[in-house]
1. For the range B:305-328, enumerate the residues that are in contact with a Leu (Cβ under 7 Å, 6 or more places away or on another chain) and farther than 23 Å from B:Pro359 by Cα.
2. If B:Arg353 passes every condition in (1) more than 24 Å from A:Glu112 (Cα to Cα); (2) out of contact with any Leu (no Cβ under 8 Å at 6 or more places or on another chain); (3) surrounded by fewer than 15 Cβ atoms within 10 Å (Cβ to Cβ) but one, which one does it miss?
3. Give the range B:203-235 a look and list any residue that's surrounded by fewer than 17 Cβ atoms within 10 Å (Cβ to Cβ) and of a type in the set (S, T, N, Q), or say none.
4. Does the range A:41-86 hold any residues that are surrounded by fewer than 21 Cβ atoms within 10 Å (Cβ to Cβ), in contact (Cβ under 8 Å) with a residue 40 or more places away in the chain and basic (Lys, Arg), and which are they?
5. Only strands (runs of 3 or more DSSP E) wholly contained in the range A:124-184 count here; list those with 1 or more residues that are within 14 Å of chain B (Cβ to nearest Cβ) and at pLDDT 95 or above.
6. Has the range B:31-46 got any residue that is part of a helix (DSSP H, G or I), within 14 Å of chain A (Cβ to nearest Cβ) and under 27 Å from B:Gln137 (Cα atoms)?
7. Looking for whichever is among the aliphatic types (A, V, I, L, M) and in a loop (DSSP other than H, G, I, E, B) here; the options are B:Ala319, B:Ala314, B:Ala347, B:Ala361. Which one fits?
8. Check B:Ala285 against each of (1) within 14 Å of chain A (Cβ to nearest Cβ); (2) modelled with pLDDT under 95 and name the one condition it does not meet.
Amino acid sequence: MPYKLLMMLLVGMLAGCAANWVRIDSADTQYRGAHYHVSLPAGWVRFEKDDTVLLSRDGPDLQRILIEYRAHDKGFENLKRTSSPGMLPSELADLTIAEIRATAEQKLPSLEVLSNAPVEIGGQTGFALHLRFKTEEGLRMELLIRGFVDERGFYLLTYRAPTLHYFKRDRPVFESVATSFRAS
Amino acid sequence: MRHLAVLIGVLWLAGCQTAPIAPMTGAQGAAGLTAEERRLWHSAQELDQQMVNADYLYEDAALQAYVAGIMRKLYPEYADTIRVRILDSPSLNAFALPNGSIYINTGMLARLDNEAQLATVLAHEGVHFTRKHSWQQQRNVKSSTAFSTGFGVVTGIPLLGDLVAISSMYGFSKDLEREADVDGFERLRAAGYDVSQAPVTFEYLLAEVDALDIDEPYFFSTHPRLQERIQSFSQLVRQSGGANRYRGEQPYREQLEKLQLELLQDYLELGQYQSVLLILERDDAFTRYPPSARFYLGEAYRLRGEEGDSERAANAYQAALRLAPAFAPTYRALGLHYMKSDRPEQAESFFRRYLELRPDAPDKGYIELYRSSLRKN
């Protein structure tokens, strides 16, 4: 679902829904959805749909932060698998990687797991992934992913940017967003 | 696959020619081709480069040399023109580009049993290049609308991309595929391979496609196409008398052992436990796979999660432990199994042993977390 949703959001944007992109004002950085709340970076733009928030500063190809809540029955739709409250963080991390590969052309053989470790997110134990891969054009991209499950569902925060220039520059923004994240 | 779309586009634009198409000759290369054919050739070269740029190729020099050697046996006069490349992809696929690049996926390599079976696939694909089937396919397209509509519905990708992709990856017309069978079979026979393995290759693939309910649109993953190949090759074997010659089982196993284990891991990482079960539940599986492969069987049961699978997984892990006691991932799996079964002492023991065997395990953080939680409880 994250891939499909992201595509929907991006297609929507390209199809003339630019008005749905909202600039995040410094006086209005708090997002409160049905399942979580989080502080958004002032000066970036956001796009919201169904308790999913897409953030960017210079455009989604250059950097994007995707914040999602998925009901357990929609945990890993491309793998046709669900998540559950009792899943271990390492199991969630493994399935998250599998889900990414399942959506990619040729199953993304260039994907490297640079780190995979447990982490605390808003008081919950989850996983933190740092991944790297090359696009078809040979551009190296990096991903940071944080996720955890609770009784209600699966929460996921993803940051993606090209290694060249953008990833390192905007990483602190993602870290700040992830630190502020709380399930409601 | 932007270059693939360009490639098909060139094919598309070239589709109205009516002059006869001469087959390739051995050392011809791009020289002597028409201007349109050269454009197509260069587009294929760009696609080759894209595969490299995106790190799609499987890097194993010994395996690459082995596969290239088989191709040279089959097509000695094309030694400087045909290049086999191994794509790092678990899908069942192999395809030829009009510049002589022949791609075979790691997923296809790992599913075959011997050199004669691989030679069958390579011989078939080689004919698509030598007979310029990409061009012929385009000439046979009478109605672009009907063609594109029909395939567009199936593949869900744009018109131009459809034409290209179908030509290079998704199979050619029935007549051209039959020509590839006949000429490829002759190459196989001339190179001294056991031709009785030709239909077996496709029977094996067909069984897998059916068992796994694979719905990839690739030529080698398509039930009717595989069925056609089986019938076609069975007929050719009957006509040839089916002389029993070289199968190359042992060298194939030696060359493929590393890749086959990697593929098992790859399937599990992709959540494709069905593929692992299909491979490792075969009666002869553990004559072909090392004892540590029982760990992957256990992981496949765990991921399937049907009734009784937890016990099946534990049994497979225990068998792996007995037969390959130095294989660290088994200890991790048993630790997780016992942790979930509320047997903390056994879990702790296996986790500890896992980290002794792999002190720098990439998932050390999780294991330490689980051990800590076991101690608290």
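The values are calculated or read from the model by the stated rules, or taken from the named source; none is laboratory data. Since the model is a prediction, treat every value here as computed from it, not as a measurement. Glycine gets a Cβ as well: all are built from the backbone with ideal geometry, and neighbour counts include every protein chain shown.
1. Scanning the range B:305-328 gives a single hit, B:Ala316.
2. Here B:Arg353 clears every test but (3).
3. Scanning the range B:203-235 gives B:Gln227, B:Gln231, B:Gln235.
4. Those that are surrounded by fewer than 21 Cβ atoms within 10 Å (Cβ to Cβ), in contact (Cβ under 8 Å) with a residue 40 or more places away in the chain and basic (Lys, Arg): A:Lys49, A:Arg57, A:Lys74.
5. Numbers: elements: A:124-134, A:140-149, A:153-162.
So the answer is A:124-134, A:140-149.
6. At the first step, the residues of the range B:31-46 found to be part of a helix (DSSP H, G or I) are B:35-46.
Still in the running and within 14 Å of chain A (Cβ to nearest Cβ): B:46.
Checking the rest, the ones that are also under 27 Å from B:Gln137 (Cα atoms) come to B:46.
The answer is yes, given that some residue of the range B:31-46 is part of a helix (DSSP H, G or I), within 14 Å of chain A (Cβ to nearest Cβ) and under 27 Å from B:Gln137 (Cα atoms).
7. Checking each option against the conditions leaves just B:Ala361.
8. The number of the failed condition is (1).
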